[in-house]
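K.L.:
Okay, handing you the structure first.
The values are calculated or read from the model by the stated rules, or taken from the named source; none is laboratory data. Computed from a predicted structure; not experimentally measured. Cβ sites come from the backbone with ideal geometry, for glycine too, and all protein chains shown count toward neighbours. Ligands, DNA and RNA are stripped out before the accessible areas are found, and what is left, the full protein with its side chains, is counted by its heavy atoms. Shrake-Rupley method; radii C 1.70, N 1.55, O 1.52, S 1.80 Å.
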Amino acid sequence: MTHRTPRSARTSALIAMSMLALSTATTAFAASPASNASASGAPQAAASGWVGDVLTRICARQFDIAQRMDMESFRDYDAETFRAVHDERAITVFDSGGVRIGLDAIMTALAGHFTNREAKWSWTERHRVVDGCNSAYILYETVYEIPRIGYRQKALTGVTYTHDGRKWLAIADQGTKLPP
């Protein structure tokens with residue numbers, strides 16, 4: 001009899017990301033135009049262009065998943081996943097001007113959010129820039145509410161991501177408080 005241990009949410013998410021990337025790559029390769037071959041049937045030098053396009057699409061898909069994991073893990077009080085999608089060297093600049101450098105310092109500052117599990121977090125994406133498999137930036141309009149005490153804060157939150165060669169990680173985020 002074999003014993004199987006359940007997968008953590010993080011492991012399941014990483015497996016799903018990998019499978020999605022592979023399925024995207026397969027689809028992209030299958031859809032490559034026949035015009036990339038010369039009359040002799042040999043690939044032309046321009047074939048590297050579609051390879052670059054495939055990699056760009058895979059990175060964009062991985063980025064979509066990673067940024068969604070970042071935002072949803074905060075909303076869902078999932079500290080383990082939130083930690084997993086941040087670089088150890090990350091920096092956070094709060095709207096108050098407070099700065100936390102390093103993932104441990106950020107997690108300490110946000111511990112109450114993950115422990116108390118009462119805040120409501122929502123966001124709307126306002127702008128996105130993705131530079132291949134190098135870096136990305138998203139500007140969100142966010143709302144953080146704690147209904148029990150009547151607290152509601154709107155902010156513009158900018159998040160910068162980097163690709164470490166294997167996955168996307170949040171490296172910096174900064175909030176700017178908006179009027180109510």
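K.L.:
Determine, for each peptide in 75-82, 170-177, the mean count of other beta carbons within 10 angstrom over its residues, then list the peptides with the highest first.
P.N.:
170-177, 75-82
K.L.:
Which net charge results when you count Lys and Arg as +1 and Asp and Glu as -1 among the other residues whose beta-carbon is under 11 Å from that of Glu141?
P.N.:
So the surrounding residues net to +1.
K.L.:
I'd like to compare 114-125, 155-166: which one has the highest average count of other Cβ atoms within 10 Å, and what's the full order after that?
P.N.:
Per-residue Cβ counts within 10 Å, averaged per peptide and sorted highest first, yield 155-166, 114-125.
K.L.:
Is the range 109-151 best put as rounded, prolate or oblate by its Cα gyration tensor, with a ≥ b ≥ c the root eigenvalues, rounded for a/c under 1.5, and otherwise prolate when a/b is larger than b/c, oblate when not?
P.N.:
Because a/c hits 1.5 or more and a/b fails to exceed b/c, the range 109-151 counts as oblate.
K.L.:
Moving to a separate point now. If you put +1 on each Lys and Arg Cβ and -1 on each Asp and Glu Cβ, how big is the dipole of the range 85-180 around its Cα centre, in Debye rounded to 20?
P.N.:
280 debye
K.L.:
What lysines does Lys120 reach when the alpha-carbon gap must be under 17 Å and sequence neighbours fewer than 8 apart in one chain are set aside?
P.N.:
Cα-Cα hits under 17 Å: Lys154, Lys177.
K.L.:
Now, a different point. For the range 62-128, rounded, prolate or oblate, judged on the Cα gyration tensor with a ≥ b ≥ c (square roots of eigenvalues), a/c < 1.5 rounded, else prolate if a/b > b/c?
P.N.:
Note, shape of the range 62-128 comes out rounded.
K.L.:
Here's something else I'd like to know. When the accessible area of the range 105-155 is computed with all protein chains present and a 1.4 Å probe, what percentage of it is carbon and sulfur?
P.N.:
49 percent
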